[in-house]
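J.: Handing you this structure, nothing more for now.
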Amino acid sequence: MTVQRSVPYWDCGEYIACSYILGIAHPPGNPLYLLLGRIFSMLPIAADISYRINLMSVFSSVAAATIGYVVSVRLLRFLPGVADNRGRQLLAYLCSITGALLFAFSRTNWANSVEAEVYAIAMAIYFALIWLSLLWYDNRHQSSSIKYLIMIAYLSLLSVAVHMTSFLAMPAIFIFVISVDERLRRDYRFWISGIVLFTVAANIAWFLVLVPVWLVIALIGFIQKRDTGWGLALGLSVAAMIGFSAHAYIPIRAAEKPAINQNNPADWERFYGYLQRKQYGSESMFEKMFKRRGSWEHQLGDFPRIGFGGFLMDQFGIGGILFTIPFILAIIGIIALIKWKWRVGTFFGLILFAGTIGLVLYMNFADGSMIDPSTGLNKLEVRDRDYFFTPGFLTFALCIGMGLFVVLNFLIDWLKLQGKTIVAVALGTITLILPAITVGANFNMSNRSNNFLAYDYAYNYLMSCPQDAILFTGGDNDTFPLWCLQEVYGIRRDVRIANLSLIQTDWYQLQLKHQMGVPINLSDEQMKWESLESTRPRKPYVDHLRGGWEHLLMAYRDQETGQVTTVAHQMVEQIISANQWKYPVLFSGMLPTEVKYPLAEHNLRRGWLYQIVPQESRGAWDIETSKDLFLNVYRTNGINDPKVFREEVATTLIIGSVQSGMEFVDYLESRGDTALALTVTDDMIESFPEFWQSYTRMAKIRGFSKAETDSMYEAYFKYIDKLIAFNPDNIYYYQYKALALQYLGRGTEAIHYSELAYNIDPVSPVAFRAIVSLYIQNGRREDAVRVAREYLKTNPGDPAARSISSGQF
């Protein structure tokens with residue numbers, strides 16, 4: 001019911017496109033996911049290809065929840081009196097269903113399960129590993145039990161080809177096995193096998209060397225001794241190599257030069273760098289783990305974007321003080337399991353710890369309190385990072401079900417309940433209460449069935465381009481959906497997309513030149529160098545680079561101005577220069593000011609885009625083209641429907657879109673074309689009814705009286721209230737209402753709604769600037785200073801906050 005019917009935002013567009021064309025996604029790669037995605041893209045289960053690949057997450061999530069149910073039942077059977085009592089078995093089944101439903105419909109898991117993301121498959125494998133561990137435990141006294149350990153080795157290394165999250169279970173599984181089996185605990189061969197397999201999480205190079213070496217040693221030992229120890233070591237090594245062999249897809253497919261070929265990992269050096277995520281820096285996650293990037297209070301508590309505690313309380317629709325109910329149930333479940341079967345209970349407790357506190361330690365998310373020395377900006381996560389904690393949330397859900405079993409089991413004995421039918425009905429009702437609350441709380445946010453925002457956004461960008469255009473984009477969300485439309489839907493493949501983040505790398509520059517036909521005068525040799533590391537502004541600046549292209553290929557400090565210029569901006573200059581106006585050149589966002597070419601002077605507005613033209617245009621508009629784009633071409637399905645859920649990124653992109661429309665209206669008014677300005681304004685209000693400034697412009701153009709303006713805004717406020725009710729965590733809707741109220745002279749009410757937005761996300765620059773602005777406008781200077789000082793604690797590099805905190809405004 002809730003799966004997205006088309007392409008979503010973020011990585012989903014890239015995954016869908018790469019699945020369809022068998023491309024290479026961003027490091028460290030997801031080859032198994034892409035291969036499975038390709039299979040789903042061929043299944044005749046839906047007309048839309050993106051819908052088909054999104055359904056892969058649905059089926060995977062169903063599998064994960066089902067395996068979670070089986071794991072819960074198996075764990076509860078360890079408790080006393082369950083194995084030989086049919087009534088208690090029925091209760092165990094009911095409570096395991098409760099845990100599995102909480103598992104399936106928890107907020108983060110549900111959101112991951114309705115779009116083309118890796119986490120649903122990763123969680124299915126994760127809980128399959130736990131289930132196999134319990135099967136091994138049940139059969140550990142049989143010689144054939146080693147098959148479960150070999151299968152665990154295979155699946156765990158295969159899972160790395162989807163996402164590293166699944167491998168998180170392996171340390172707990174290893175500790176469980178050696179704690180239970182004394183023979184394996186004393187066998188050095190099993191220890192070596194485990195250490196060799198674990199190197200995949202620390203250093204891929206070690207893994208690729210050590211596994212085959214250990215396999216050869218194990219083979220020789222098995223041939224000579226023919227004993228179980230060497231046989232298990234050999235089996236584990238072979239299984240690990242076969243599982244990891246899915247990664248062979250990466251260099252094999254990269255060598256074929258697919259349209260999306262991130263990092264071009266066709267040779268060993270690039271393949272190794274790709275797996276090690278060298279594109280994102282040379283420091284490993286293990287190294288980063290020991291340099292805390294946020295306070296413990298923020299990382300463990302309820303802090304925007306990173307706080308584990310806040311994310312956990314959001315999962316099941318029971319927040320605040322009421323969250324103590326599921327929390328206590330989960331603790332009871334774990335304690336009871338440890339009490340009655342301490343090795344198994346400890347094993348599951350370690351699984352819970354690894355997915356919760358362990359991940360807080362490992363991921364080490366930034367809370368904005370530190371300054372990145374390379375950029376001078378605050379280190380702050382760009383969006384909610386709850387999806388990393390999915391293993392912990394799902395394990396916690398199963399623990400709630402087990403705790404519910406313990407409590408109900410106790411009540412049945414204590415109250416000496418009689419009457420099997422009455423008891424069964426009562427228990428069935430009780431066990432479904434929590435899942436019903438969870439489904440009701442999370443349905444709106446997780447329902448993507450009516451969400452076509454990313455598809456329309458990408459379509460509008462592509463349709464804004466002239467034939468054979470070069471379009472510079474800035475980030476994931478103005479790039480990945482466009483890739484998807486081009487490669488999967490075949491829309492506007494003539495447009496060459498040049499991403500300004502990727503263009504700093506030599507492999508991408510080469511692809512732009514040779515595969516996309518983007519004019520670049522640099523030779524291949526001049527571009528083939530270690531741009532992944534040495535182009536970053538945090539590296540020392542140099543005055544010379546081989547080939548004499550230091551002004552193009554190196555981030556450098558200009559001797560005259562002292563300004564730092566990045567490789568991306570230098571490549572923009574290079575492409576514009578080499579192009580010689582052969583192809584249209586456009587930008588999806590604001591023009592980069594660091595580019596030395598006078599972009600602003602040669603900027604012609606074209607709908608949502610900025611086109612660079614030979615003649616001086618200085619921000620003039622191509623009126624006829626823009627008119628056609630705004631009124632006839634652009635698609636805005638669902639934007640005027642308050643029941644379409646929008647995360648923050650979708651809202652910000654909508655803001656940018658409608659602001660372009662308002663800037664077009666301004667231009668038309670300046671030229672005296674009031675009729676067309678009014679038509680475009682009407683269209684903006686119809687297509688983007690949430691944007692308050694459109695109404696202000698409408699009142700101005702039509703000459704509304706104050707009463708007419710107030711009446712118009714009252715209808716607008718009712719619409720905004722619907723958006724707030726449906727999207728209570730989206731700060732922009734509170735801001736819209738606050739700004740409109742301030743415009744109407746209702747400052748006290750405006751401050752109230754702006755404070756609500758700031759309290760939701762006190763690290764947001766948007767929320768901060770809005771609230772201090774309103775405080776100042778309404779004469780509450782002390783409050784502005786107070787908020788600025790609070791904001792500086794997590795945004796110490798913000799110059800506006802420093803100025804306001806000192807009272808200099």
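J.: Condition first: among the polar types (S, T, N, Q) and surrounded by fewer than 24 Cβ atoms within 10 Å (Cβ to Cβ). Now tell me which residues in region 13-59 satisfy that.
T.: Kept after step one, since they are among the polar types (S, T, N, Q), are these residues of region 13-59: 19, 30, 41, 50, 54, 57.
Listed by number, the list holds a single entry, 41.
J.: Checking residue 130 against (1) in contact with a Ser or Thr (Cβ under 7 Å, 6 or more places away or on another chain); (2) crowded, with 23+ Cβ neighbours inside 10 Å, only one condition comes out false. Which one?
T.: Result: residue 130 passes all but (1).
J.: Then there is this: Taking into account only those residues within region 729-755 that are open to solvent by 60 Å² or more (accessible area, probe 1.4 Å), within 32 Å of the chain's Cα centre (by Cα) and not charged (D, E, K, R), which is nearest to residue 641 (Cα to Cα)? Outline the logic, then answer.
T.: Here is the first cut: in region 729-755, the residues open to solvent by 60 Å² or more (accessible area, probe 1.4 Å) are 729, 739, 743, 745-746, 748-749, 752.
Those left that are additionally within 32 Å of the chain's Cα centre (by Cα): 729, 739, 752.
This time we only want the ones that are not charged (D, E, K, R), so: 739, 752.
Values: 739: 21, 752: 26 Å.
Restricting to residues being open to solvent by 60 Å² or more (accessible area, probe 1.4 Å), within 32 Å of the chain's Cα centre (by Cα) and not charged (D, E, K, R), the top hit is 739.
J.: For region 709-728, check the following and say yes or no: at least one residue is of a type in the set (A, V, I, L, M, F, W, C), more than 32 Å from the chain's Cα centre (by Cα) and not in a helix (DSSP H, G or I).
T.: No - not one qualifying residue is present in region 709-728.
J.: Taking region 428-479 as the search range and keeping residues that are charged (D, E, K, R) and on the phi < 0 side of the Ramachandran plot, which one is least open to solvent (accessible area, probe 1.4 Å)?
T.: So the first thing to find is which residues in region 428-479 are charged (D, E, K, R), and the list is 448, 456, 468, 476, 478.
After this cut, where a residue has to be on the phi < 0 side of the Ramachandran plot as well, the list is 448, 456, 476, 478.
Values: 448: 29, 456: 5, 476: 63, 478: 22 Å².
The qualifying residue least open to solvent (accessible area, probe 1.4 Å) is 456.
J.: In region 151-166, is there at least one residue being open to solvent by less than 30 Å² (accessible area, probe 1.4 Å), farther than 21 Å from residue 27 by Cβ, assigned to a helix (DSSP H, G or I) and modelled with pLDDT under 95?
T.: No, there is no match, as no residue in region 151-166 is open to solvent by less than 30 Å² (accessible area, probe 1.4 Å), farther than 21 Å from residue 27 by Cβ, assigned to a helix (DSSP H, G or I) and modelled with pLDDT under 95.
J.: Of the conditions (1) charged (D, E, K, R); (2) open to solvent by less than 50 Å² (accessible area, probe 1.4 Å); (3) assigned to a helix (DSSP H, G or I), residue 690 clears all except one; give me its number.
T.: The one condition residue 690 does not meet is (3).
J.: Would you mind finding the one in 583, 610 that is under 26 Å from residue 491 (Cβ atoms) and in a loop (DSSP other than H, G, I, E, B)? Give the steps one after another, and end with the answer.
T.: Working: 610 fails: in a loop (DSSP other than H, G, I, E, B).
It is 583.
J.: Give region 298-328 a look and list any residue that's surrounded by 18 or more Cβ atoms within 10 Å (Cβ to Cβ), aliphatic (A, V, I, L, M) and free of Cβ contacts under 8 Å to residues at least 12 places away in the same chain, or say none.
T.: Residue satisfying the conditions is 313 alone.
J.: Somewhere in region 376-387, is a residue in a helix (DSSP H, G or I), over 29 Å from residue 69 (Cβ atoms) and either open to solvent by 20 Å² or more (accessible area, probe 1.4 Å) or among the aliphatic types (A, V, I, L, M) (or both)? I'd like the intermediate steps shown before the answer.
T.: Filtering region 376-387 for residues in a helix (DSSP H, G or I) gives 386-387.
Now restrict to residues that are over 29 Å from residue 69 (Cβ atoms): none.
No.
J.: Considering 500, 482, which residue is at pLDDT below 90 and open to solvent by less than 40 Å² (accessible area, probe 1.4 Å)?
T.: Working: 482 fails: at pLDDT below 90.
That would be 500, the only listed residue that is at pLDDT below 90 and open to solvent by less than 40 Å² (accessible area, probe 1.4 Å).
J.: Does residue 540 satisfy the condition of being surrounded by fewer than 19 Cβ atoms within 10 Å (Cβ to Cβ), at pLDDT 85 or above, over 30 Å from the mean Cα position of the chain (by Cα) and not in a helix (DSSP H, G or I)? Before the answer, list the steps.
T.: Details: surrounded by fewer than 19 Cβ atoms within 10 Å (Cβ to Cβ): yes; at pLDDT 85 or above: no; over 30 Å from the mean Cα position of the chain (by Cα): yes; not in a helix (DSSP H, G or I): yes.
In short, no.
J.: Test residue 68 against the criterion of being open to solvent by less than 40 Å² (accessible area, probe 1.4 Å), small (Gly, Ala, Ser) and under 24 Å from residue 319 (Cα atoms), and give yes or no.
T.: yes
J.: Follow-up. Suppose we keep only residues that are among the acidic types (Asp, Glu) and part of a helix (DSSP H, G or I) within region 613-655. Which one would you say is surrounded by the most Cβ atoms within 10 Å (Cβ to Cβ)?
T.: If we filter region 613-655 for residues that are among the acidic types (Asp, Glu), which is where we start, we get 616, 622, 624, 628, 641, 647-648.
Narrowing the set further to residues that are part of a helix (DSSP H, G or I) leaves 624, 628, 648.
Working: 624: 8, 628: 14, 648: 19.
Of everything passing the filter in region 613-655, 648 is surrounded by the most Cβ atoms within 10 Å (Cβ to Cβ).
J.: Kindly indicate whether any position in region 141-148 is open to solvent by 20 Å² or more (accessible area, probe 1.4 Å) and aromatic (Phe, Trp, Tyr). Quick ask: steps written out before the conclusion?
T.: Taking region 141-148 first, the residues open to solvent by 20 Å² or more (accessible area, probe 1.4 Å) are 141-144, 146-148.
Then keep just the ones that are aromatic (Phe, Trp, Tyr); that gives 148.
Within region 141-148 (the criterion being open to solvent by 20 Å² or more (accessible area, probe 1.4 Å) and aromatic (Phe, Trp, Tyr)), the answer is yes, since at least one residue qualifies.
J.: Just checking, which of 776, 724 is in contact with a helix residue (DSSP H, G or I) (Cβ under 6 Å, 6 or more places away or on another chain), open to solvent by 20 Å² or more (accessible area, probe 1.4 Å), among the β-branched types (Val, Ile, Thr) and in contact (Cβ under 8 Å) with a residue 24 or more places away in the chain?
T.: Working: 724 fails: in contact (Cβ under 8 Å) with a residue 24 or more places away in the chain.
Testing whether each residue is in contact with a helix residue (DSSP H, G or I) (Cβ under 6 Å, 6 or more places away or on another chain), open to solvent by 20 Å² or more (accessible area, probe 1.4 Å), among the β-branched types (Val, Ile, Thr) and in contact (Cβ under 8 Å) with a residue 24 or more places away in the chain leaves just 776.
J.: On to the next question. Filter region 506-537 down to the residues that are β-branched (Val, Ile, Thr) and modelled with pLDDT under 85 and list them by number.
T.: Here is the first cut: in region 506-537, the residues β-branched (Val, Ile, Thr) are 518, 520, 535.
Of everything in region 506-537, just one residue is β-branched (Val, Ile, Thr) and modelled with pLDDT under 85, namely 535.
The values are calculated or read from the model by the stated rules, or taken from the named source; none is laboratory data. Predicted model only: the values in this text are computed from it and were never measured. Heads up, the Cβs are rebuilt from the backbone with ideal geometry, glycines too, and the neighbour counts pull from every protein chain shown. Side chains included, ligands, DNA and RNA excluded: accessible areas come from the protein's heavy atoms. Shrake-Rupley method; radii C 1.70, N 1.55, O 1.52, S 1.80 Å.
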